[in-house]
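The values are calculated or read from the model by the stated rules, or taken from the named source; none is laboratory data. Quick caveat, the model's predicted, so the values are computed rather than measured. So basically every Cβ, Gly included, is an ideal-geometry build from the backbone, and we count neighbours across all protein chains shown.
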Amino acid sequence: MNRVYLDYNATTPVEPEVLDAMLPYFSGEFGNASSIHTFGQKARAAVETAREQVAALIGARPQEIFFTSGGTESDNHAIFGIVGSSANGPKSRPHVITSFVEHEAVLNACQALEKQGVDVTYLHVDQDGLIDLEDLRGAIRQETVLITIMHANNELGTVQPLEEIGRIAKEADVYFHTDAVQSAGKIPIDVNPFQLDLLSLSGHKLYAPKGIGALYVRGGTRLKQLLYGGHHQRGMRPGTENVAGIVGLGKAAEIARQSLAHDSKRLSALRDQLEHGMLHRVPHSRINGARAPRTPNTANLVFPGVEGEALLIALDLKGLACSTGAACSSGAVEPSHVLTAIGLPAEEARASLRFSLGRHTTQADIDFALQVVPAAVAQLRQLSPTYQKEAAARR
Amino acid sequence: MNAGTQFDALPERAETQRGLVAVAMSGGVDSSTVAALLQQQGRAVVGLTMQLWNQRRLPELQGDGPAQHRCCSLDDVYDAKAVARHLNFPHYVVNFEEQFESRVVRPFVDQYLAGRTPIACTNCNTDVKFEPLLRMARQIGAERLATGHYARIRENGETGRWELLRACDDSKDQSYFLWGLTQEQLSRSEFPLGELTKDEVRALARRVNLPVAEKPDSMELCFVPNGNYVQFIHAYSSERGKPLKDGEGEIVNEDGEIIGRHNGVHNFTIGQRKGLGFAAGKPLYVLSIDPQNNRVVVGEDDALRRQTFEVDGANWVSIAPPTAAFRATVKIRHKHEPAPALVEPLGETHARITFDAPQRAITPGQAAVFYDADDSGEGKNSRILAGAWIR
C-alpha cells in the first residue's frame with residue numbers, strides 16, 4: 001500500500017546525509033570522547049564539531065550546548081535544575097510560571113514540583129493558543145525563579161511571542177526557558193534577541209535520530225545538575241557521550257540552518273493548500289489556531305460530527321498517517337489538553353485532527369490527503385447519529 | 001501454516017464474507033483466537049482493543065505496584081498487540097472510557113445503592129461493545145464486528161429475524177449477557193466461537209502459536225480490583241463527592257422487628273447469607289432490600305422462593321414482540337438452571353413471568369432471559385427469545 005506520512009511533528013525520518021555522518025561512529029571511530037588517546041580524540045573532535053553546529057542553529061556559543069537524551073530530559077533538566085539551584089537562596093519557596101499548553105515534559109515536571117512545595121502558575125491561552133503578556137507580567141512575584149513557555153506548540157503550531165516574554169523576564173530578573181522542540185529547524189531561533197537562558201531541543205523532530213537532544217544553558221546560569229556521574233560535559237551532564245547521536249544532531253542542525261528558509265516557504269505553501277482544500281471540500285470544517293503566527297508545517301482542523309480517533313484509524317487503513325490529541329500509554333487517544341485550553345468544547349476537541357508536513361512532503365501527498373480525508377469524513381458522518389440529527393435540523 | 005480441519009469445519013456465512021471485519025480484542029485467548037480463525041478463513045481483519053477504565057483511578061483501591069492481569073491493564077493491551085503482530089494485521093487501541101463510565105460504571109454503582117444487583121457485563125455489551133465500538137468498526141470501513149463471545153447468531157429466512165442462540169459449549173455459554181442486542185446489532189455481529197468448546201479454542205490458539213494461548217481466563221468484573229465491589233462503590237462515591245455514610249441501616253425480620261444493623265444496602269444481594277447469623281438455629285438470608293428506608297429484610301430459606309415476578313425493559317430478540325402469553329424456559333441469573341415458565345406480555349417491554357415451580361432468590365437488577373421452551377423442537381433451550389430486567 002502507498003503510505004503517506006503527514007505526522008512530522010511526531011517524529012521525522014533520519015536524513016540520509018545525517019545517517020552517513022553518523023555511521024563511522026558506531027564501529028570504525030568508536031572511541032570514548034573522554035579518552036586521551038587518538039581514538040578518543042577523534043570522537044571528541046566529532047562531538048565538538050556537532051556542538052558548534054547545534055550552537056549555530058540557535059545563535060548560541062558552543063560551550064552553552066549540553067547534549068542530552070532528548071527533549072524530555074532537556075525540559076526536566078532546565079526546570080528542576082533552576083528550581084533546585086534556587087531552593088537554598090533567598091527565594092526559598094520558589095515560584096515557576098508556565099502555560100496550560102506546554103508539552104507533558106514541562107507540565108508533568110511542574111506538577112512534580114508542586115508536590116515538592118513549589119508554587120506554579122499556569123497561564124491561560126486565548127482561542128489561538130497564545131498567552132497574554134499582561135497575564136505573564138501579573139503572575140511574576142518576588143519568588144519567581146523561572147518562566148518556561150514553549151516556542152511552538154506541537155498540536156497547533158502556534159508560536160509564542162518569545163521576544164516580548166524574554167524582555168519581561170529580563171526586566172524582572174527571572175530565568176527564561178523555552179521548549180523549542182517543535183520550532184527548531186522550522187522557524188528562526190536566536191537565543192540573544194529572545195533573551196533566553198535555557199532552551200530545549202530534540203533530535204528526532206529535526207531529521208536526527210531518536211534518543212539525542214540538547215539543552216542550551218546561557219553562560220553564568222545557576223543550574224543544578226540532574227544526573228550524577230563522571231566529568232563528561234563539564235560535570236553538568238555526566239554519562240559517556242552518545243557520539244553517533246551527537247554527530248547526527250550536529251549534522252541535522254547544520255542542514256536545518258541551511259534549508260530553513262527554503263523548507264519553510266515550500267511547506268507553508270503546501271500547508272495552506274491543504275487547509276484551503278479541506279475547508280473547501282469538507283463542510284463545516286475549521287482551522288484551530290488559525291489567527292496566531294504558526295509554524296509553516298502544521299495544520300490542525302476540526303471536522304465537526306466526527307470522532308477523530310475513528311477518522312485517524314480509517315485514514316491509516318487507507319494509507320494516510322496523521323495524528324489526534326496525545327496517545328496514552330496503552331496507545332488510546334486521550335482528550336487533548338491543548339485543544340481544551342483554547343476553549344474547544346469536548347466534542348470538537350475529539351473531532352480535531354493534526355496534519356504536520358515535513359521536508360519530504362510532496363504535492364502528491366497533499367493531493368492524496370485532499371482525496372481521502374473528505375471521503376472518510378463523509379463516511380464517518382454518515383454513521384454518526386449526532387451529526388445526522390444536526391444535519392436534519394439544519395435542513 | 002496448516003491449521004487443520006477445525007478451521008475448515010466452521011460454518012461459512014453467505015453474505016459479505018470478503019469485507020473487512022473488526023475483531024474486539026481484549027488480549028485474552030478467546031478474542032485472540034477469533035482473530036486467528038477469521039484470518040484463516042481469508043478475511044481481512046483489523047483488531048480493536050477498548051480502553052475502558054483508567055486503572056490508576058481510585059488509587060485507594062490499588063495495592064502496591066502497577067495494575068496487572070485485569071481487563072484494561074496495559075498487559076492486556078500489549079497482549080492484544082502481540083497477537084496482532086504475530087498474525088500480522090492492523091490493531092488499534094480505542095478510548096471508550098467516557099462511554100464506559102456513563103453507561104456501565106455509574107449505573108452499576110447507582111443500582112447497588114438503590115438496593116438492586118446489577119449486571120455490568122450486559123450493559124457493557126449492549127451500550128459499549130455493540131454500540132460505539134460497532135459504530136467505530138463501521139466508520140473505519142469494517143462491515144462487521146466479531147467478538148469472542150460464546151453464543152451463536154443466525155438469520156431466520158422465514159421470519160426475517162436475526163436469532164441469538166446458546167453456545168454449543170453449555171459450560172461457556174454467554175448468551176445470558178447478550179439479550180440486549182437489537183436486530184441491527186445482531187446483523188452486524190459475529191461470534192465465531194459459538195460452535196466451539198473452550199478446549200477446542202485453546203487447542204486452536206496453541207496450534208497457531210498465539211502468544212496468549214496459555215493465558216488464564218479472566219473471571220472478575222474488569223473495573224473492580226480484587227473483585228471487591230463494595231470497596232469500589234465506596235471509593236467511586238467518594239470520588240463523585242457523595243461519600244457513603246456508615247452504620248445507619250436496619251436489618252429486620254419478616255415481622256419488621258429490628259434484629260441488627262448494616263453499613264448500607266449495597267453490601268447485600270437477595271439470597272445472600274454471609275454475615276447475617278442465625279435465628280432459632282436456622283441460617284438467615286436476605287429476602288428483600290428496601291432502599292427508601294435503608295432496610296434489609298431477612299428470613300429463612302423457604303421465604304426466598306417465589307413463583308411470579310415482573311420484568312421491564314424487555315428486548316425481543318429471536319421473536320417479534322408477542323401479543324399472547326407463551327411458554328418459555330427462563331433463566332434469572334448467570335448461574336441459574338433455566339426453569340419452565342409462562343410469560344405474559346403486559347405491553348411491549350413489560351411482562352409477568354410465572355414459573356411452574358418456585359425459584360430461589362429472584363433478584364431485582366438481574367436479567368430474566370427467555371429461551372425456547374424444551375418442546376419447541378429447536379434442540380435444548382437453544383434460541384434466546386427475549387430478555388428483560390427483573391423489577
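So, restricting to strands (runs of 3 or more DSSP E) that lie completely within the stretch A:79-153, which ones have at least 2 residues that are farther than 15 Å from A:I168 by Cα and among the hydroxyl-bearing types (S, T, Y)?
Values: elements: A:95-99, A:119-123, A:144-148.
Ranges flagged: A:119-123.
Restricting attention to the stretch B:208-237, which residues are surrounded by 15 or more Cβ atoms within 10 Å (Cβ to Cβ), out of contact with any Phe, Trp or Tyr (no Cβ under 8 Å at 6 or more places or on another chain), assigned to a loop (DSSP other than H, G, I, E, B) and of a type in the set (A, V, I, L, M, F, W, C)?
Residues satisfying the conditions are B:V208, B:L210, B:V212, B:A213.
Among the residues of the stretch A:77-89, are any in contact (Cβ under 8 Å) with a residue 24 or more places away in the chain, within 16 Å of the chain's Cα centre (by Cα) and surrounded by fewer than 21 Cβ atoms within 10 Å (Cβ to Cβ)?
No.
Which residue out of A:T68, A:T49, A:T72 is over 23 Å from A:Q195 (Cα atoms), at pLDDT 95 or above, among the polar types (S, T, N, Q) and in contact with a helix residue (DSSP H, G or I) (Cβ under 7 Å, 6 or more places away or on another chain)? Break it down stepwise before answering.
Details: A:T68 fails: over 23 Å from A:Q195 (Cα atoms); A:T72 fails: over 23 Å from A:Q195 (Cα atoms).
Of the residues listed, the single one that is over 23 Å from A:Q195 (Cα atoms), at pLDDT 95 or above, among the polar types (S, T, N, Q) and in contact with a helix residue (DSSP H, G or I) (Cβ under 7 Å, 6 or more places away or on another chain) is A:T49.
Given the criteria surrounded by fewer than 21 Cβ atoms within 10 Å (Cβ to Cβ) and part of a loop (DSSP other than H, G, I, E, B), does B:E254 qualify? Show your work before the answer.
Details: surrounded by fewer than 21 Cβ atoms within 10 Å (Cβ to Cβ): yes; part of a loop (DSSP other than H, G, I, E, B): yes.
Spelling it out, B:E254 is indeed surrounded by fewer than 21 Cβ atoms within 10 Å (Cβ to Cβ) and part of a loop (DSSP other than H, G, I, E, B).
Pairs, please: C-beta under 6 Å, at least 6 apart or cross-chain, first residue facing chain B (nearest Cβ under 9 Å) and surrounded by 14 or more Cβ atoms within 10 Å (Cβ to Cβ) and in the stretch A:373-385, second part of a helix (DSSP H, G or I) and of a type in the set (G, A, S)?
Here the result reads A:A376/A:A314; A:L380/A:A310, each pair linking the stretch A:373-385 to a residue that is part of a helix (DSSP H, G or I) and of a type in the set (G, A, S).
Is there any pair with a first residue in the stretch B:107-133 that is over 12 Å from B:G180 (Cα atoms) and a second that is of a type in the set (D, E) whose Cβ atoms are under 8 Å apart and which are 6 or more apart or on different chains, and what are they?
B:G115/B:D290
Taking the condition outside any loop (DSSP other than H, G, I, E, B) and under 22 Å from A:A253 (Cβ atoms), does A:L201 pass? Before you say what the answer is, go through the steps one by one.
Details: outside any loop (DSSP other than H, G, I, E, B): yes; under 22 Å from A:A253 (Cβ atoms): yes.
It is true that A:L201 is outside any loop (DSSP other than H, G, I, E, B) and under 22 Å from A:A253 (Cβ atoms).
Evaluate the stretch B:373-387: report whether one residue or more is in contact with a Lys or Arg (Cβ under 7 Å, 6 or more places away or on another chain), buried (at least 22 other Cβ atoms within 10 Å of the Cβ), modelled with pLDDT of 95 or more and in a strand (DSSP E or B).
Taking every residue of the stretch B:373-387 in turn, none turns out to be in contact with a Lys or Arg (Cβ under 7 Å, 6 or more places away or on another chain), buried (at least 22 other Cβ atoms within 10 Å of the Cβ), modelled with pLDDT of 95 or more and in a strand (DSSP E or B).
Check every one of the helices (runs of 4 or more DSSP H) wholly within the stretch B:37-153 and list those with 2 or more residues that are at negative phi and within 11 Å of chain A (Cβ to nearest Cβ). Quick ask: steps written out before the conclusion?
Working: elements: B:74-87, B:97-100, B:106-113, B:120-124, B:134-139.
In the stretch B:37-153, B:74-87, B:97-100, B:134-139 are the helices (runs of 4 or more DSSP H) which contain 2 or more residues that are at negative phi and within 11 Å of chain A (Cβ to nearest Cβ).
So how many residues does the stretch A:273-298 have that are buried (at least 18 other Cβ atoms within 10 Å of the Cβ), hydrophobic (A, V, I, L, M, F, W, C) and more than 14 Å from A:D128 (Cβ to Cβ)?
Qualifying residue count for the region: 3.
Could you tell me which of the residues A:A321, A:A269 is of a type in the set (A, V, I, L, M) and within 14 Å of another protein chain (Cβ to nearest Cβ)? Explain how you work it out, then say what you get.
Values: A:A269 fails: within 14 Å of another protein chain (Cβ to nearest Cβ).
Matching residue, one of A:A321, A:A269: A:A321.
Can you pull out every residue in the stretch A:333-360 that is among the hydroxyl-bearing types (S, T, Y), crowded, with 23+ Cβ neighbours inside 10 Å and away from chain B (no Cβ under 13 Å)?
Step one: of the stretch A:333-360, the residues among the hydroxyl-bearing types (S, T, Y) are A:336, A:340, A:352, A:356.
Next cut, crowded, with 23+ Cβ neighbours inside 10 Å only: A:336, A:352, A:356.
Answer for the stretch A:333-360, where residues must be among the hydroxyl-bearing types (S, T, Y), crowded, with 23+ Cβ neighbours inside 10 Å and away from chain B (no Cβ under 13 Å): A:S352, A:S356.
Return the residues of the stretch A:280-292 that are free of Cβ contacts under 8 Å to residues at least 40 places away in the same chain and more than 21 Å from A:A346 (Cα to Cα); say none if nothing qualifies.
Selection gives A:H280 alone.
Take A:R291 and decide whether it is out of contact with any strand residue (DSSP E or B) (no Cβ under 9 Å at 6 or more places or on another chain), more than 14 Å from every other protein chain (Cβ to nearest Cβ), part of a helix (DSSP H, G or I) and not polar (S, T, N, Q). Reasoning before the result, please.
Values: out of contact with any strand residue (DSSP E or B) (no Cβ under 9 Å at 6 or more places or on another chain): yes; more than 14 Å from every other protein chain (Cβ to nearest Cβ): yes; part of a helix (DSSP H, G or I): no; not polar (S, T, N, Q): yes.
For A:R291, the condition - out of contact with any strand residue (DSSP E or B) (no Cβ under 9 Å at 6 or more places or on another chain), more than 14 Å from every other protein chain (Cβ to nearest Cβ), part of a helix (DSSP H, G or I) and not polar (S, T, N, Q) - is not met.
I need the helices (runs of 4 or more DSSP H) fully contained in the stretch A:316-395, keeping only those with at least 3 residues that are over 27 Å from A:H124 (Cα atoms). Spell out the reasoning first.
Details: elements: A:337-341, A:346-350, A:363-382, A:385-394.
Here the list reads A:363-382, A:385-394.
Here is a check on your reading of the model: is A:V338 of a type outside the set (G, A, S) and over 20 Å from A:T11 (Cβ atoms)?
Details: of a type outside the set (G, A, S): yes; over 20 Å from A:T11 (Cβ atoms): no.
Here the answer is no, as A:V338 does not meet what is asked.
Identify the single condition in (1) touching a residue at least 40 places away in the same chain (Cβ under 8 Å); (2) in a loop (DSSP other than H, G, I, E, B); (3) away from chain B (no Cβ under 11 Å); (4) out of contact with any Gly (no Cβ under 6 Å at 6 or more places or on another chain) that A:S264 does not satisfy, given that it satisfies every other one.
Exception for A:S264: condition (2).
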